[in-house]
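The values are calculated or read from the model by the stated rules, or taken from the named source; none is laboratory data. These figures come from a predicted structure and were not determined experimentally. Cβ placement follows ideal geometry from the backbone for every residue including glycine, while neighbour counts extend to all protein chains displayed. We work out accessible area using only protein heavy atoms, side chains counted, and drop any ligands, DNA or RNA first. Shrake-Rupley method; radii C 1.70, N 1.55, O 1.52, S 1.80 Å.
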Amino acid sequence: MLTESSPLGSASSAVPELLGRMIAARQLTTTDARAFLAQHRAAEALTEERVLRWLAREYGVGYAALDELEPDKQVLSLFPARLLLRDELLPLRRVDNQIEIATSRLFATQGLDGLKALTGLRLRPVLAPTEVIQREMKKRLGVGADTIDTLDDEAGLLVVDEDGGTDNNLDEAAEDASIIRFVNQVLKDAIELRASDVHLEPFEDELRIRYRIDGILQEVPVPAQIKRFQPAIVARVKILSHLNIAEKRLPQDGRIKVRIEDAEVDIRVSIIPMLHGEAVVMRLLRQNSKLRGTRDLGMGERELTCLERVLQLPHGIVLVTGPTGSGKTSTLYTALNEINDAERKIITIEDPVEYQLKGVNQIQVSEKSGLTFARGLRSILRHDPDVVLIGEIRDQETAQIAVQASLTGHLVFSTLHTNDAAGALTRLVDMGVEPYLVASSLEAVLAQRLVRLLCSHCRKVDTTPESHVYRTKLGISPKAEVYRAVGCRECRNTGYHGRRAIFEWMDSSSEIRSLILKNSSTDAIRDSARRAGMKTLSEDGRRLVEEGITTIEEVLSVTTVHELEADKVAAESRAAAANAQPALPRSLI
């Protein structure tokens, strides 16, 4: 980096910093930097791309917009991946018997000279920004291409077939530095991309790697020859998870804890034998995730007011329902964080413990040692808690203990797998809990789903005919701008970045309690809750659509068209009923 005493020190501080980095990386010479500054005084607009475009004009070389160019796979295959990655050189295409190679370092010629000497081909450099080249190389060559390329060159490495060979050889292969580096690269890449799960899936002629990002599985490019090293890669994961590498016929579960940039990530590993080898799924749980306040959950005003009210209750059960991965635990921990003080004792029992909250006593369920939800819950109640969090109500025994705990003066939070809020009540009854116990203990149910958020860099107003049909059909305000997903570099061409929950809050009113005692249907309970002011998941989703936060397609993906249409019919019925109220006599006004 340049200093104030350097030839460029008289310029503003932002200019020497960027140009100094480019000089250090041999992207620019000091003479060229001075010349650039002499022609460009607007330092605040300075970017690497702008400098590289200027260099391309000055030296008569090309500039490549890699986002608009598809590299030739045959040309890529002519060069060793590890050399390309080491020198950040990306072969693009053949032009006039020469091969264009993208680089950001015009004056670092050693890499190009080495490729020329190795291949005997005529190479022509074209300029492109460093970040773009790195992203495209990962996309075109695949994650860990340099390590797999190294393994190909190491004739001494024995990769053991799944059906033969010795365990000692497989152990040695798994401990090879290149295999270790490859697994580390996959995990690091997944964490940086905000993935919640990593899938390693064996097929007859390939090992496919996919990340689940924002709830959607996305395939990761990997080198074609990675299939050869599948047993060693799986064995490496087993070693990290403290599992038996010799066992290939039975499912195994383990865990890995990693640290990256002061953030701890707990990785739950599941390995299951498949037709063409063992499949691995790793769930990434970020331990140091900062919990937000209840107002940051994105709830509507009614739902937020109801949540804040139940947090002050002395006893009762509050349930959060939804499918796996819908953010139930995050919502519950956000609620616990609001009431976590010196006056309350809070104990949780979970499988697994996904967040570590200071001041809260947390218990990890261990089926192997006999510590189940029910057994742990019985012990918890002897520890004089004020608030109890049960990770999930899975069976009748746990449900009944939770109900009894709420009736003996404890505030109990838990999760349940049902499609909506009303279904939680009938689910408890189906589990074997007496209806009168459910009616007397249950205070509220919160159902939630996660919808993807539109990418702020590429979203566009949706003016398609289909959008107009949905507006009319679903009762979306004509004044609201409905957006559609487009896709860009920032969101990996998905059109979405991040997720937010939509909510359905149902309070346990006296009418609903009487319906529970009568063993009424879920539909009857839902209708009663809606008359009391409950907004359904689809109605809350429509709110986000009208705010331009998500799309109609996203809301439809977690609800159904039937629900949305039913919401519109109910809203129209309420409006018609309000308009049909008879006018009061003048004598009473």
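The alpha carbons of segment 412-518 occupy a box of 54, 31, 18 Å along the principal axes, longest dimension given first. Within the set Lys73/Lys460; Lys73/Lys188; Lys138/Lys257; Lys227/Lys328; Lys138/Lys328, which residue pairs have Cα atoms separated by over 30 Å? Too far apart for the 30 Å limit: Lys73/Lys460; Lys227/Lys328; Lys138/Lys328. Ligands, DNA and RNA excluded, the heavy atoms of Ile549 present near 40 Å² of accessible surface to a 1.4 Å solvent probe. A cut-off of 5 Å between modelled amide H atoms, ignoring neighbours fewer than 5 places along the same chain, links Leu371 with Ser366. Could you list which residues have their amide H under 5 Å from that of Arg255, counting only those 5 or more apart in sequence or on another chain, with H placed in the peptide plane? The list, which skips near neighbours in sequence, is Val269. Each peptide in 199-210, 330-341 was scored by the mean count of other Cβ atoms within 10 Å over its residues; highest first, the order is 330-341, 199-210. Taking every alpha-carbon pair in segment 353-457 and binning the separations at 10 Å intervals from zero gives 13, 42, 30, 10, 4, 0 percent. Using θ = phi - 60° in the Karplus curve 6.51 cos²θ - 1.76 cosθ + 1.60, the 3J(HN,Hα) couplings for segment 321-327 round to 10, x, x, 4, x, 9, x Hz; x is entered for Gly and Pro. Take segment 308-369, drop everything but the C-alpha atoms, weight them equally and run the Debye formula without solvent; then report log10 I(q)/I(0) at 0.16, 0.19, 0.20, 0.24 Å⁻¹ to two decimals. Summing over Cα pairs of segment 308-369 leads to -0.60, -0.84, -0.92, -1.23.
How many angstrom lie between the Cα centre of segment 428-485 and the Cα centre of segment 520-542? Between the Cα centres of segment 428-485 and segment 520-542 lies a distance of 12 Å.
Rg/Rh, computed from the Cα trace of segment 29-126 with Rh as the Kirkwood radius, has the value 1.01.
For segment 399-481, the carbon plus sulfur part of the accessible surface works out to 52%, probe radius 1.4 Å. Taken one residue at a time, the phi angles of segment 22-39 give Karplus couplings (6.51, -1.76, 1.60, θ = phi - 60°) of 5, 5, 4, 8, 6, 8, 8, 9, 4, 4, 5, 4, 4, 5, 5, 5, 5, 9 Hz. Gly and Pro are set to x. What would the Debye equation give as log₁₀ I(q)/I(0) for segment 206-359 at q = 0.11, 0.14, 0.19 Å⁻¹, counting only Cα atoms as equal point scatterers? With no solvent term, the Cα-only Debye profile gives -0.62, -0.87, -1.27. In terms of accessible area, using a 1.4 Å probe and ignoring ligands and nucleic acids, His40, His468 rank largest first as His468, His40. Heavy-atom accessible area, probed at 1.4 angstrom with all protein chains present, ranks Asp430, Asp113 as Asp430, Asp113, highest first. Across every direction, the projection of the convex hull enclosing the Cα atoms of segment 466-509 has a mean area of 5.4 nm².
Stokes-Einstein diffusion for segment 434-495 at 25 °C, viscosity 0.890 mPa s, with a Kirkwood radius from C-alpha pairs, works out to 162 µm²/s. For the residues Ile191, Ile226, a 1.4 Å probe over the protein chains yields an accessible-area ranking, largest first, of Ile191, Ile226.
Close amide H contacts of Tyr63 (hydrogens built in the peptide plane, cut-off under 5 Å, sequence separation of 5 or more or a different chain): Leu127. For segment 479-533, the fraction of alpha-carbon pairs lying more than 15 Å apart is 65 percent, rounded to a whole number. Extent of segment 404-464 along its three principal axes (Cα atoms, max minus min coordinate, largest first): 54, 23, 14 Å. Given segment 262-302, what whole percent of its Cα pairs are spread farther than 14 Å? Result for the distance tail: 67 percent. Surface analysis of segment 419-559 yields an accessible area of 45 Å² per residue, using protein heavy atoms and a 1.4 Å probe. Comparing Gly300, Ser241, Ile260 along the charge dipole axis of segment 236-306, the residue lying farthest to the positive side is Ser241, per the Cβ-charge model.
In sequence order, segment 309-318 has phi-based couplings of 5, 5, 5, 9, 5, x, 7, x, 10, 10 Hz under the Karplus curve 6.51 cos²θ - 1.76 cosθ + 1.60, θ = phi - 60°, and Gly or Pro positions carry x. Taking the inverse of the mean 1/r over every pair of distinct Cα atoms in segment 294-413 gives a Kirkwood hydrodynamic radius of 14.8 Å. Two decimals is fine: what is log10 I(q)/I(0) at q = 0.12, 0.14, 0.16, 0.22 Å⁻¹ for segment 209-280, from a Debye sum with one equal scatterer on every Cα and no solvent? Summing over Cα pairs of segment 209-280 leads to -0.39, -0.54, -0.70, -1.17.
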